[in-house]
Amino acid sequence: LAGVLDDCLCDIESIDDFNTFKIFPKIQKLQERDYFRYYKVNLKRPCPFWADDGHCSIKDCHVEPCPESKIPVGIKAGSSNKYSKAANNSKELEDCEQANKLGAVNSTLSNQSKEAFIDWARYDDSQDHFCELDDERSPDAQYVDLLLNPERYTGYKGPSAWRVWNSIYEENCFKPRSVYRPLNPLAPSRGGSCLFYFLMQFFKHSLCLEKRVFYKLISGLHASINLHLCANYLLEETWGKPRWGPNVKEFTRRFDPIETKGEGPRRLKNLYFLYLIELRALSKVAPYFERSVVDLYTGNGHEDAESKALLLDIFRDTKSFHMHFDEKSMFAGDKKGAKSLKEEFRLHFKNISRIMDCVGCDKCRLWGKLQTQGLGTALKILFSEKEIQSLPENSPSKGFQLTRQEIVALVNAFGR
């Protein structure tokens, strides 16, 4: 790949250099830290759109939950709990509160800060979410160690997997009303890739920027997942010992210009576009984390300080990138039309996050939910610039908040 990406003034070579030498080594280290490696997820939520096809029976589809004893005390004790007046008025409840620490923010705060938490508890921020969030208090929600459950090819394929992607592309992507054929770039159709090429050219000239962006994000997410499956593929299994590694043949089938009649490079360019969107979100959310009140809290003070220092270092790098995507060009029309389009954008993406509960393979579902939530968090950030800029220094704001799950998803999705 080479050259400038559509809808932005950034070239692929600059992204490659920036990521290889600045971002990737640091983001990889950050993902290995306790705060970011443990993700709480409910893999038992039923599919809300069609009858369950049955789960993948292949052993590599299985996700091994993390025992309670392995979870750092600062994470497991209160990632979904919030402060209450009762907790501040009772010594017994104060002790309980101390044990149940908030996951994203250290609870060793002033009374003023605690009052801000009470205000936050009253604030219903569901209107800002671009994803259907798992209820962390559900008995079916479990912590998963992402390092011990890597994203890779499990053998999950066929009608169940196709149904998920076809539903995402056909039912949720913005497209001209006159187009009824499958939009999945890998789906079989009479017109093959020629039809898809025609549609993409049609999109480029008929859809507004916001709708093109939406489609390219979904395509980029699809490309990202497929790339990781090709890069970490079950090559052989002898005497019960699997060997994982890159599958060049599978990569070629999905992305080579000749094999895909020119579609492969377009899919990969959409992955670069996805990278730019999430990079932009990281640069925009930096003020939220730069405040002293925010602590990546696990209970290990030394590691927490190092994790935050590394995260802030990454933010400095993101700000140094000179070819960011300009999100201000989106939803810039008349206020009524822009607001309506933004809400449509949010609901479309939220619907896609719900479709992830229809994935039959637990490991695929885990990484699908995490990366979708990460992208949803990035969108939430990009549409909350004013709220982030007005954050108070010494207390959390009820106008903009990130849960620990959103923070973990954002970093790991960008890492992927």
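What the table shows:
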| item | result |
| --- | --- |
| Complete set of residues in region 339-378 that are of a type outside the set (Gly, Ala, Ser), closer than 23 Å to Leu209 by Cβ and in contact with a Cys (Cβ under 9 Å, 6 or more places away or on another chain) | Leu341, His348, Phe349, Lys350, Ile352, Thr372, Leu375, Thr377 |
| Leu209 vs. criteria exposed (fewer than 15 other Cβ atoms within 10 Å of the Cβ) and modelled with pLDDT under 85 | yes |
| Lone unmet requirement of (1) closer than 24 Å to Pro392 by Cα; (2) surrounded by 13 or more Cβ atoms within 10 Å (Cβ to Cβ) for Met323 | (1) |
| Residue match in region 328-351 (condition: over 27 Å from Asp17 (Cα atoms), among the acidic types (Asp, Glu) and modelled with pLDDT of 90 or more) | no |
| Lone qualifier among Tyr275, Tyr288, Tyr233 - being under 30 Å from Ser395 (Cβ atoms) and among the aromatic types (Phe, Trp, Tyr) | Tyr288 |
| Selection count where residues are within 17 Å of Ala286 (Cβ to Cβ) and of a type in the set (Ser, Thr, Tyr), scope region 368-387 | 2 |
| Selected residue (only one of Leu366, Leu312, Leu370, Leu375 is open to solvent by 30 Å² or more (accessible area, probe 1.4 Å) and in contact (Cβ under 8 Å) with a residue 12 or more places away in the chain) | Leu312 |
| Selection from region 231-247 of residues that are open to solvent by 60 Å² or more (accessible area, probe 1.4 Å) and assigned to a helix (DSSP H, G or I) | none |
| Given (1) assigned to a helix (DSSP H, G or I); (2) surrounded by fewer than 21 Cβ atoms within 10 Å (Cβ to Cβ), index of the condition Pro392 fails | (1) |
| Residue count, region 27-73 (criterion: open to solvent by 20 Å² or more (accessible area, probe 1.4 Å), assigned to a helix (DSSP H, G or I) and either modelled with pLDDT of 95 or more or under 30 Å from Ala305 (Cα atoms) (or both)) | 9 |
| Considering residues of region 248-304 that are crowded, with 20+ Cβ neighbours inside 10 Å and acidic (Asp, Glu) only, the residue modelled with the lowest pLDDT | Asp295 |
| Number of positions in region 148-167 that are open to solvent by less than 40 Å² (accessible area, probe 1.4 Å), among the polar types (S, T, N, Q) and not in a loop (DSSP other than H, G, I, E, B) | 2 |
| Subset of region 212-247 that is small (Gly, Ala, Ser) and over 30 Å from Glu344 (Cβ atoms) - its residue that is modelled with the lowest pLDDT | Gly240 |
| Flag for Glu250 being charged (D, E, K, R) and in a loop (DSSP other than H, G, I, E, B) | no |
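The values are calculated or read from the model by the stated rules, or taken from the named source; none is laboratory data. Please read all numbers here as calculations on a predicted model, not as lab measurements. Cβ atoms come from the backbone with ideal geometry, glycine included; neighbour counts cover every protein chain shown. Calculation scope for accessible area: heavy atoms of the full protein, side chains included, ligands and nucleic acids excluded. Shrake-Rupley method; radii C 1.70, N 1.55, O 1.52, S 1.80 Å.
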